[in-house]
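Enquirer: I'd like to ask some things about the structure below.
The values are calculated or read from the model by the stated rules, or taken from the named source; none is laboratory data. What you see is a predicted model; the values in this text were computed from it and never measured. Cβ atoms come from the backbone with ideal geometry, glycine included; neighbour counts cover every protein chain shown.
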Amino acid sequence: MRSSTTGPYHEALGSAADLNTRADELLCALGERVSSSASAISVWDPVAGRHLTLANHDYPDSVMSHFNSWFVSNDPLFKEMERTRSGALRWRDFPGYRRTHSVTNVFTPAGFDEGLSARLVTAQGTYAGTLHVNSDDRRYPRDVDVTEINELRSSVASLLDTTMRPVMVADFLSPGSPAWLIDRLGNCRALHDQLMPDVDPGLLSLVARLAGTERKFRWCDPGGTWHLVRLLPATPRYRDATPVALTFTTPEPLPYDLTGRELEVLTLVANGLTSAQIAGALVISAKTVGRHIEHLLGKTGVANRVGLATLAHQHGLLSARQMQP
């Protein structure tokens, strides 16, 4: 009996290469054991809400575009797998499938006469992407090939899951706090299936611009509660993916009995602005800026502006309203 956990599959799954390369290696290994004319692996990007091709062996672009869009949204075979949580399905496993839009308008014109698709779902139930195998010979894929792919399915899904590591990081650094993944456009995906807090769109836009660096800063929600926001860069795991960051918030009053305005002044001091520049940025007088700085020095106990700037960066005493990318 063939095992999907040993040999070339094991080597590809455990490789240190980037995700696209590992997906390509998996398709190469699969091609040595399952007869096919074309195969592909696509990953589900939960932040952008779209499927992206990781590796494609011999599908024309039109077919891959179909797989990553109309197919996953409308195809009856894919919907049947989703509804029943079944393993891989071939055309012949689904009565009447040869008369569907996918076959008559996409697959057959591309030269395929049989095919198989599988939803890639982790052992924990997280949907991670799709695997497709098509042939120009109706005899393939065989029953034994379906078994082969079903044995491989969960392992590939675990490899593709983009949320597993961020969840572990969030649980370690801030257990129980709202946490989400965010892309450069400000799209979010909450972790742990929790409800998203009421986040100011401006905050999401800021986090998106800061996604390449680790930051700590303060944000006041619409209800007036202050939060410590931590942002960790999450390097894209696959080419063509939108860079994402892991962000989580912890309700926390401002330390040192600071006011919101004092926090804004402190942020601009930390950004290196002069009193005149701070006055212009906040539309207040330079004299008022001087009073705020005196209060900051007295409340924090530091000696000068340099000390204020150091304190602000070390403890995330930076206002989201005045943060700079």
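Enquirer: Would you check which residues across region 258-309 are among the basic types (Lys, Arg) and farther than 22 Å from residue 228 by Cα and list them?
Expert: Correct list: 287, 291, 305.
Enquirer: Right, another one. Does residue 230 count as in a loop (DSSP other than H, G, I, E, B), among the basic types (Lys, Arg) and at pLDDT below 90?
Expert: No: the conditions fail for residue 230.
Enquirer: Can you find a residue in region 36-51 that is without any contact (Cβ under 8 Å) to a residue 40 or more places away in the chain and under 28 Å from residue 186 (Cβ atoms)?
Expert: yes
Enquirer: Just to be sure before I move on: is residue 291 at pLDDT 95 or above, over 16 Å from residue 182 (Cα atoms) and out of contact with any strand residue (DSSP E or B) (no Cβ under 8 Å at 6 or more places or on another chain) in the structure I sent?
Expert: yes
Enquirer: Kindly indicate the residue of region 1-44 that is charged (D, E, K, R) and at pLDDT below 90 and also nearest to residue 146 (Cα to Cα) among those meeting that condition.
Expert: Looking at residues that are charged (D, E, K, R) and at pLDDT below 90, I get 2.
Enquirer: Let me spell it out: the conditions are (1) touching a helix residue (DSSP H, G or I) at 6+ places or on another chain (Cβ under 9 Å); (2) free of Cβ contacts under 8 Å to residues at least 60 places away in the same chain; (3) on the phi < 0 side of the Ramachandran plot; (4) of a type in the set (D, E, K, R), and residue 252 meets all of them except one. Which number is the exception?
Expert: (1)
Enquirer: List pairs: first residue in region 276-303 and on the phi < 0 side of the Ramachandran plot and in a helix (DSSP H, G or I), second residue among the aromatic types (Phe, Trp, Tyr) and surrounded by 14 or more Cβ atoms within 10 Å (Cβ to Cβ) anywhere in the structure, Cβ distance under 8 angstrom, at least six positions apart or on different chains.
Expert: Going by the 8 Å Cβ cut-off, the qualifying pairs are 299/256; 300/256.
Enquirer: Right, another one. Pull up region 271-289, narrow it to residues that are exposed (fewer than 13 other Cβ atoms within 10 Å of the Cβ) and over 15 Å from residue 318 (Cβ atoms), then point me to the one that is nearest to the chain's Cα centre (by Cα).
Expert: Top of the filtered list is 283.
Enquirer: Also: Return the only residue of 88, 110, 123 being crowded, with 18+ Cβ neighbours inside 10 Å and closer than 21 Å to residue 54 by Cβ.
Expert: 88
Enquirer: Out of (1) more than 18 Å from the chain's Cα centre (by Cα); (2) touching a residue at least 12 places away in the same chain (Cβ under 8 Å), the odd one out for residue 163 is which?
Expert: (1) is the only condition that residue 163 fails.
Enquirer: Take region 244-270 and flag every residue that is under 18 Å from residue 170 (Cβ atoms) and either of a type outside the set (D, E, K, R) or surrounded by 15 or more Cβ atoms within 10 Å (Cβ to Cβ) (or both).
Expert: 244, 245, 246, 247, 248, 249, 250, 251, listed by residue number.
Enquirer: A further question follows. In region 22-49, which residue that is more than 21 Å from residue 155 (Cα to Cα) and within 25 Å of the chain's Cα centre (by Cα) is surrounded by the fewest Cβ atoms within 10 Å (Cβ to Cβ)?
Expert: 49
Enquirer: Here is a list: 184, 189, 139, 153. Which entry is modelled with pLDDT of 80 or more, of a type in the set (Lys, Arg) and surrounded by 14 or more Cβ atoms within 10 Å (Cβ to Cβ)?
Expert: 153
Enquirer: Which ones in region 128-167 are farther than 21 Å from residue 10 by Cβ, among the hydroxyl-bearing types (Ser, Thr, Tyr) and out of contact with any helix residue (DSSP H, G or I) (no Cβ under 8 Å at 6 or more places or on another chain)?
Expert: 135, 140, 162
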